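The values are calculated or read from the model by the stated rules, or taken from the named source; none is laboratory data. None of the values given here were measured: they were computed from a predicted structure. Here the Cβ is made from the backbone with ideal geometry for all residues, glycine too, and neighbour counts use every protein chain on show.
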Protein chains: 2
Amino acid sequence: MNILITGGAGFVGQRLAMECLKRGNLELDGKPSPAITNILLADNAEPPFWHDGLREHELVTTSFGDISDEAYVKSLFNEEIHAVFHLASIVSGHGEQDFDLAMRVNLDGARYLFEAIRAQKNNCRVVFTSSVAAFGGDAMPETVSDYTKQTPMTTYGMTKVIGELLVNDYSRKGFFDGRSARLPTVIVRPGKPNLAASSFVSGLFREPLNGEPCVIPVDPSQLMPVLGYRSIINGIIKLAELPATDLGSDRGVGLPAFNATVQELMDALKNAAGNQHLGEHVMEKDETIAKICAGWPQQADTTRGLSLGLPMESSIEEIVHCYIEDYLDGTGS
Amino acid sequence: MNILITGGAGFVGQRLAMECLKRGNLELDGKPSPAITNILLADNAEPPFWHDGLREHELVTTSFGDISDEAYVKSLFNEEIHAVFHLASIVSGHGEQDFDLAMRVNLDGARYLFEAIRAQKNNCRVVFTSSVAAFGGDAMPETVSDYTKQTPMTTYGMTKVIGELLVNDYSRKGFFDGRSARLPTVIVRPGKPNLAASSFVSGLFREPLNGEPCVIPVDPSQLMPVLGYRSIINGIIKLAELPATDLGSDRGVGLPAFNATVQELMDALKNAAGNQHLGEHVMEKDETIAKICAGWPQQADTTRGLSLGLPMESSIEEIVHCYIEDYLDGTGS
């Protein structure tokens with residue numbers, strides 16, 4: 001089977017590709033799929049870093065272009081694609097700076113992609129990555145779930161809700177077999193901070209572990225749902241594999257999450273790091289970021305995702321240990 | 001002030017224009033607006049009928065074109081527009097037949113319109129008409145409200161939810177001052193049946209009052225939220241007039257509605273018609289229409305709309321009397 005990952009050069013995209021390669025195939029509807037023959041990683045530009053060996057892997061090809069260019073998107077389907085992971089997106093903070101870009105990439109891009117998949121007429125398996133930023137607004141309950149009305153307070157979140165709606169309708173019409181994975185904040189992202197308003201949530205682990213300070217732009221009491229990247233990847237794959245009948249008419253599923261305060265995240269880092277020297281957390285509120293984060297859900301009830309068998313780590317400390325293993329002590333991938 | 005009504009040649013569009021002309025201005029945020037100087041009725045084609053005197057009114061102009069043509073939409077803004085009522089839409093049954101047309105007209109069309117309004121930079125007042133078809137799916141509660149997750153089961157409903165999301169985000173960004181009026185089934189539409197799956201709900205009053213039979217394609221026990229067209233029009237105008245601060249971050253408001261069974265609607269007709277001879281109701285189930293209607297909300301809790309002062313008739317019989325007055329006995333407009 002051929003797999004396409006948009007946003008495939010990003011952190012989540014690369015790790016998703018690595019996990020697919022490790023598995024060799026998917027377990028679609030409980031049955032082993034044909035072996036993976038190619039993974040096409042499409043992205044807008046060369047990434048800051050490639051995970052070791054990924055780009056050179058014989059089953060991996062790359063393509064760089066603009067997903068808001070319809071002809072480019074069509075060109076990704078020169079070979080038949082059997083499963084698509086649509087991760088490409090303008091992120092939250094960036095979308096607040098540039099509404100038109102967010103609309104072009106996140107909405108027009110998704111539509112071009114979904115139309116190209118539909119044109120294959122092969123009931124392609126599709127996972128679209130949504131976000132807890134799909135929730136928001138003055139009527140948002142303290143705890144959100146798969147049954148909570150989505151009234152986002154960022155353009156990013158708005159385009160994510162639209163993506164979920166399109167996935168449901170394209171699936172209902174039989175144009176493809178889609179699912180939406182609603183992601184909590186992913187920790188710990190390696191590399192550099194990005195324009196996501198939640199970027200500091202990875203930074204608060206990553207920078208101190210590198211012996212560097214990290215500015216915390218929100219109150220330590222700020223609650224947010226978070227999940228480790230291994231569970232994010234495994235959850236996205238699991239959601240692709242489930243039979244459609246397990247999902248019902250609403251194919252948008254919140255991945256499991258820890259509902260933790262920023263203080264709890266900082267404490268977990270200290271617990272996990274043991275005697276290691278850590279860079280400092282510098283409390284320096286940024287009203288713009290604090291406002292965006294305060295407008296997101298504080299807590300997620302992810303009972304549905306858990307009952308569908310989507311995974312989560314046992315603790316935030318475990319997530320930190322995984323990050324150290326994968327990125328810092330040289331034993332991981 | 002200049003007003004644009006898309007779908008302006010339709011039944012609701014024409015009556016909305018007539019009501020605006022009768023009032024002479026709007027009461028925006030509780031203050032009288034400047035007098036209405038022009039109402040531009042834009043639609044895709046000449047309608048089957050014009051209400052008496054509307055087309056010839058000195059303050060009315062008409063424009064016919066395709067709202068999914070960006071250049072056409074821009075041409076509607078040659079004069080500055082101060083309030084827009086966006087009613088144009090492919091209806092539910094039609095959208096199920098032609099997905100691509102529904103996407104072009106309902107989604108692309110809305111985006112072209114919203115961008116043209118934004119380009120004016122005049123904080124234009126905008127009302128978008130959504131629908132109870134915005135709700136649906138296997139997790140839909142028996143009673144829906146402004147706080148219910150919108151998981152539509154028609155392409156029409158899906159595009160309506162997207163419209164509500166766009167109105168919220170364009171308003172949040174300050175591109176215009178928008179509101180979405182979520183309409184229940186409108187009764188009693190005059191004229192001919194249309195491609196809306198709910199078309200028979202007007203037919204069950206209209207045809208018998210004309211001495212003609214009406215086929216009822218659903219079970220008489222089918223529940224649905226309905227509202228008379230006078231309250232629909234007055235509700236849309238009231239929603240345009242309210243201060244944004246009354247609405248909060250979610251500007252989508254369900255108009256008040258009667259939750260009635262089809263049997264109750266047929267009974268109300270008989271009560272209202274008195275001794276008048278009526279054409280028959282012919283029970284003849286159409287599985288396609290029955291399925292679409294059964295997938296819509298059975299009951300709407302419209303407490304929020306009512307508390308915002310949106311109107312409703314005192315009974316379904318009153319709605320029938322209004323229809324007779326307006327369209328049958330020659331005393332109405």
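Which ones in the range A:212-245 are within 14 Å of another protein chain (Cβ to nearest Cβ) and closer than 24 Å to residue A:4 by Cβ?
Hit for the range A:212-245 is A:244, nothing else.
Can you tell me which residues in the range B:84-130 are among the small types (Gly, Ala, Ser) and touching a Leu at 6+ places or on another chain (Cβ under 6 Å)?
B:93
One line per residue, one yes/no per condition, for (1) touching a strand residue (DSSP E or B) at 6+ places or on another chain (Cβ under 9 Å); (2) under 26 Å from residue A:163 (Cβ atoms):
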| residue | (1), (2) |
| --- | --- |
| A:262 | yes, no |
| A:275 | no, no |
| A:294 | no, yes |
| A:299 | yes, yes |
| A:320 | yes, no |
| A:326 | no, no |
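Just to check your reading of the model, which residue among B:238, B:291, B:270 is among the basic types (Lys, Arg) and either in contact (Cβ under 8 Å) with a residue 60 or more places away in the chain or on the phi > 0 side of the Ramachandran plot (or both)?
B:238
Taking the stated definitions as given, is residue A:248 under 27 Å from residue A:127 (Cβ atoms), within 14 Å of chain B (Cβ to nearest Cβ) and surrounded by 19 or more Cβ atoms within 10 Å (Cβ to Cβ)?
In short, no.
Quick grid of which residues meet (1) β-branched (Val, Ile, Thr); (2) under 25 Å from residue B:170 (Cβ atoms); (3) surrounded by fewer than 19 Cβ atoms within 10 Å (Cβ to Cβ); (4) facing chain B (nearest Cβ under 10 Å):
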residue	(1), (2), (3), (4)
A:96	no, yes, no, yes
A:101	no, yes, yes, no
A:125	no, no, no, no
A:140	no, yes, no, yes
A:162	yes, yes, no, yes
A:169	no, yes, no, yes
A:193	no, no, yes, no
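Of the residues that make up the range B:9-20, is at least one modelled with pLDDT of 95 or more, of a type in the set (Lys, Arg) and over 18 Å from the mean Cα position of the chain (by Cα)?
No; the residues of the range B:9-20 include none that is modelled with pLDDT of 95 or more, of a type in the set (Lys, Arg) and over 18 Å from the mean Cα position of the chain (by Cα).
Name the residues in the range B:103-123 that are within 13 Å of another protein chain (Cβ to nearest Cβ) and within 29 Å of residue B:299 (Cα to Cα), would you?
Across the range B:103-123, the qualifying residues are B:103, B:106, B:107, B:110.
Does residue A:49 satisfy the condition of being under 19 Å from the mean Cα position of the chain (by Cα) and crowded, with 22+ Cβ neighbours inside 10 Å?
Answer is no for this residue.
Regarding the range B:172-189, can at least one residue be identified that is surrounded by fewer than 22 Cβ atoms within 10 Å (Cβ to Cβ), in a helix (DSSP H, G or I) and not β-branched (Val, Ile, Thr)?
The answer is yes, given that some residue of the range B:172-189 is surrounded by fewer than 22 Cβ atoms within 10 Å (Cβ to Cβ), in a helix (DSSP H, G or I) and not β-branched (Val, Ile, Thr).
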